[in-house]
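Please read the structure below before turning to the comments.
The numbers here are math on the coordinates, done by the rules we state, and not lab data. This is a predicted model, so every value here is computed, not measured. Reconstructed Cβ throughout: ideal geometry from the backbone, glycine too, with neighbour counts over all protein chains shown.
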Amino acid sequence: MRRLGRVSKPSAGPAAVALPPFAAVVSRRPAAVAARLLAAAVLAAVAGCAPEVGSLGPAPTAAPAADPTTAPPPAATPAASGSPRPGGGVATGTPSRTGSPAPVRTDTLGIELWYVRDGLLEPTRHVRPVTQATSRLTLNELATGPNPAEAAAGLSSDVPPDIEIDGIDDGVETLVVGPGFEAGGTTAVRLRQAQIVYSLTQFPSVERVVFRRTGRPDPAALGRADLADLLPPIVVTAPGVGAAVPNPVTVAGTADVFEATVNIRILDSAGRTVATGFTMASCGSGCRGGYRTTLGYRVDSDQPGRIEVFEVSVRDGRRVNLVSRPVWLTR
């Protein structure tokens, strides 16, 4: 029998594995023993080819808890088109929990409406059937006034219904107002003008508004900058009052606060804090800047809640310039 020497691996693999010492004398053993020794040597060589992966550590005993500020939340179940939601919002279609996302709605229009609270402007959003007559729709919504959820939050409107639209020319929309528009004195008139100007200038075709009285010369056109003194220090443009909000929720608006720091917290139906955060406005401490941030939260079930946006007083740490917005929280 031929003497067995050393078994080598291909050069592309790990280092060759030498046979045990007893392989050198395999010719003195019976053929059956030699066969078993040869098989053992081959198995040892194959074992040496296995890649080294290291320890995986102890096996997990439970799934890790999700972090509500970082874990992606489940999508909300879609509601029927145009169906009312708790808190006064309107559902326009949301992604399904399973399957393909719901198609984007093209038959509805979201409009920003500026109402009044405590003598200053406060915006909210309504969803209505799509129309090309957006200015007419906006004026009608302002004249109708806030829905029950918005009224419960302290919003009101003093825009009269008898306003006619004369047209839009080079970014200036001309409205014809009646005698009742000037009722209540200068403060009341400026608030009406501010409601209309801020609401109409959300559309790209409108930059300023002229309020015409029949038989009088046209006054100067007014833009947002002319009425900015009627804004509170913190304005929340999203989400709308009473809206059903996704998780995480995007909070956006403008602010003129100390060092541009805007603080946010979310409260559940029992008033417990379920999320906190802060963001920076693009300008602050004497100038108004925009802010926008996304905040995750955790609730056990869909329920009413509140989103509070505020400034922290540098003097005593109190929450000041607070905007408390009722919403409907979703899991």
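Points to keep in mind about this one:
- Computed E for A152/M280 - FRET, C-beta separation, R0 30 angstrom, nearest 0.05: 0.45
- Gained length - F258 relative to D300, 0.36 nm times residue gap less alpha-carbon distance: 11.6 nm
- Distance (nanometres) between label positions extended 7 Å along Cα→Cβ at R318 and L109: 4.4
- R212-T131 FRET efficiency (beta carbon distance; Förster radius 35 Å; 0.05 resolution): 0.90
- Radius ratio Rg over Rh of segment 241-329, counting only Cα atoms, Kirkwood formula for Rh: 0.99
- Full-extension gain in nm, R292 to T273, via 0.36 nm per residue minus C-alpha separation: 4.8 nm
- Charged side chains reduced to their Cβ positions (Lys and Arg at +1, Asp and Glu at -1) give segment 241-329 a dipole of some 60 debye around its Cα centre.
- Considering segment 184-325 at the alpha-carbon level, its Rg and Dmax are found to be 18.2, 62 Å.
- Square roots of five times the Cα gyration tensor eigenvalues for segment 108-230, Å: 21, 18, 13
- Note on R117 and A221: their simple-model spin labels are 3.2 nm apart, each label 7 Å out from Cα toward Cβ.
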